[in-house]
Structure formats: structure tokens, C-alpha cells
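These notes concern the structure reproduced below.
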Amino acid sequence: MPPDHSAPAPGRAATPAGISPPRPGSDAVARAVAEAEAAAPAGPLLVPEERELRRRTSAKWRCHPADVLPLWVAEADVPTPEPVARALREAIDRGDLGYPADHLGYARALDAFSRERWGVPVPEERTLPVGDVMQGVTELVALLTPPDGTVVL
């Protein structure tokens with residue numbers, strides 16, 4: 001018997017009824033955003049208002065017409081946590097913008113975060129720095145799949 005896909009997966013909320021995709025025009029986009037925000041579960045991530053996001057200069061917010069709500073990669077839409085912003089300001093003030101000599105500080109911070117948040121240690125020797133997220137994903141896929149394996153994203 002095929003699986004029943006009508007019920008939400010464990011740990012996931014069902015899609016709220018009545019949310020329709022936006023149609024061209026700013027009113028439709030604004031309605032869709034308001035409906036999605038009203039249906040979203042409360043959580044720790046706070047995202048700026050759409051009008052503030054549209055002031056940003058990234059490709060996500062500059063390569064589409066005003067009636068398009070770009071819903072792709074959104075990590076840059078989440079406000080920078082104050083400790084990160086402070087560390088960046090301090091590095092800029094020192095002119096310290098080169099590549100790090102080693103990654104152990106990052107590895108230790110990840111280990112501390114992972115232990116506190118999930119109760120899972122991440123030993124330093126199990127970490128390796130990468131230049132960007134997609135390079136890391138590429139390396140993980142190569143590590144975790146056989147050479148002739150299939151990957152679905």
C-alpha cells in the first residue's frame with residue numbers, strides 16, 4: 001500500500017488552508033506575505049519586513065521585478081546576531097580581514113554550540129574549513145555517497 005502523503009510528516013505542520021500563491025501586483029504579494037507570516041509557527045528567527053528586505057543590495061532582492069517575492073536562499077535575510085556583528089566590527093576596526101591561520105577557534109565554537117543546542121559533540125578532528133556552504137555540501141556528497149551514487153536535492 002502506498003504511503004499516505006495527505007498527513008504532515010512527523011514534526012511538521014500541515015500547510016494552512018487558504019494560502020494561495022501570489023499573483024502579479026504588490027497587493028497580491030503583500031497578502032501572500034501576510035498570510036504566510038500569520039500561518040508561520042513562532043520561532044527564534046526574526047526576519048525584517050518585506051520593505052526593509054527590498055532595500056538590500058543582494059542579487060536576491062535586485063534581480064527580480066517588484067511583483068516577485070524571491071523565496072530562494074534566505075540565510076542573508078535573517079538579521080546578523082549581535083555577537084557576530086560585534087566581532088565583525090572589531091575585526092574591521094583592527095583591519096583584520098585576512099583568512100584565518102587555522103580553523104580550531106571555529107571548530108571549538110561549533111562543538112560548544114552543538115553540545116549546548118543538541119547535546120552532540122563535534123570533535124575538532126572531525127571538522128574542516130571550507131570557503132562557502134556549497135563547497136561544503138559538495139565535499140559532504142563526495143564523502144557520503146559512492147562514486148556512481150545518485151543524489152537528489
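Any residue that is hydroxyl-bearing (Ser, Thr, Tyr), open to solvent by less than 70 Å² (accessible area, probe 1.4 Å) and either within 24 Å of Pro83 (Cβ to Cβ) or not assigned by the TED database to the domain that holds Glu75 (or both) - is there at least one of those in the stretch 129-144? Scanning the stretch 129-144 turns up no residue that is hydroxyl-bearing (Ser, Thr, Tyr), open to solvent by less than 70 Å² (accessible area, probe 1.4 Å) and either within 24 Å of Pro83 (Cβ to Cβ) or not assigned by the TED database to the domain that holds Glu75 (or both). Here the stretch 76-117 is the region considered, the condition is being part of a loop (DSSP other than H, G, I, E, B) and among the hydrophobic types (A, V, I, L, M, F, W, C), and the residue that is most open to solvent (accessible area, probe 1.4 Å) is Leu97. Among residues of the stretch 63-91 that are farther than 14 Å from Glu50 by Cβ, those with a Cβ under 8 angstrom from a residue that is not acidic (Asp, Glu) and not in a loop (DSSP other than H, G, I, E, B), sequence gap 6+ or separate chain, pair up as Trp72/Lys60; Val73/Lys60; Ala76/Lys60; Thr80/Leu88. So, in the stretch 22-75, exactly how many residues are within 26 Å of Val133 (Cβ to Cβ), among the aliphatic types (A, V, I, L, M), at pLDDT 70 or above and touching a helix residue (DSSP H, G or I) at 6+ places or on another chain (Cβ under 7 Å)? Total meeting the criteria: 3.
May I ask you to list the residues in the stretch 65-75 that are in a loop (DSSP other than H, G, I, E, B), open to solvent by 70 Å² or more (accessible area, probe 1.4 Å) and within 24 Å of Leu153 (Cα to Cα)? Those that are in a loop (DSSP other than H, G, I, E, B), open to solvent by 70 Å² or more (accessible area, probe 1.4 Å) and within 24 Å of Leu153 (Cα to Cα): Leu71, Trp72, Val73.
The values are calculated or read from the model by the stated rules, or taken from the named source; none is laboratory data. Note that the structure is a prediction, hence the values are computed from the model and not measured. Because the Cβ atoms are built from the backbone with ideal geometry, glycine has one as well, and the counts that use them run over all protein chains shown. To get the accessible areas, we keep the full protein, side chains included, count just its heavy atoms, and leave off ligands, DNA and RNA. Shrake-Rupley method; radii C 1.70, N 1.55, O 1.52, S 1.80 Å.
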